[in-house]
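Visitor: First the structure, which I've put down as structure tokens, then a few questions once you've had a look.
A short reminder: the numbers here are calculations on the coordinates, not readings from a lab. Nothing here was measured: the structure is a model prediction, and the numbers come from that model. Using ideal geometry, Cβ is built from the backbone for each residue, glycine included, and neighbour counts are taken over all protein chains shown.
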Amino acid sequence: MADLQLIDTLELGDEDAAAYKYEIYGADESTPEHALIFVRQSGSDDWQQQDGELKFAVADEKQEAESGTMDYGSGDSMPDLRDLRQEAKERCEQHYQENSKA
């Protein structure tokens with residue numbers, strides 16, 4: 001397994017409610033694999049790491065896209081990759097929306 005690096009941090013919420021922070025990790029800038037989840041209660045400065053993490057199925061997707069020209073002619077182009085980093089951020093925002101109303 002490749003060493004993962006912190007590729008982005010996303011903080012959601014305001015001072016009047018619990019805030020969520022997502023640290024997105026991946027093998028490189030364009031391949032987010034998972035996010036650690038932290039919560040800060042209103043009135044506190046301390047982030048508490050939550051159990052579990054958000055998993056992104058993008059590493060397999062990138063591998064599939066890179067090997068997509070196998071068995072095809074050299075004139076065929078590789079499929080375009082989606083913006084996986086943006087999709088990871090959207091998944092974090094969705095998690096925040098689902099959990100901040102609880």
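Visitor: Rounded to the nearest 0.05, what FRET efficiency is calculated for Glu90 and Asp3 with R0 set to 25 Å and r the Cβ-Cβ distance? Intermediate values should be presented prior to the final figure.
Guide: Numbers: r = 25 Å, r/R0 = 1.02.
Once the sixth-power term is evaluated, E becomes 0.45.
Visitor: With a cap of 13 neighbouring Cβ atoms within 10 Å, and only residues DSSP puts in a loop, list the GluC sites (Glu not before Pro) found in the stretch 1-30.
Guide: Working: sites: Glu11, Glu15, Glu23, Glu29; in loops: Glu15, Glu29.
Loop-located and lightly packed - Glu15, Glu29.
Visitor: May I ask you to evaluate 6.51 cos²θ - 1.76 cosθ + 1.60, the Karplus curve with θ = phi - 60°, for each residue of the stretch 24-35 and list the ³J(HN,Hα) values in order in whole Hz, giving x for glycine and proline?
Guide: Listing the rounded values in order: 9, 10, x, 6, 8, 4, 9, 10, x, 10, 7, 10 Hz.
Visitor: Let me ask something else. Which peptide among 88-98, 36-46 comes first, and what is the full order, when sorted by highest mean count of other Cβ atoms within 10 Å?
Guide: On the way: 88-98: 16.2, 36-46: 13.0.
Order by mean packing, descending: 88-98, 36-46.
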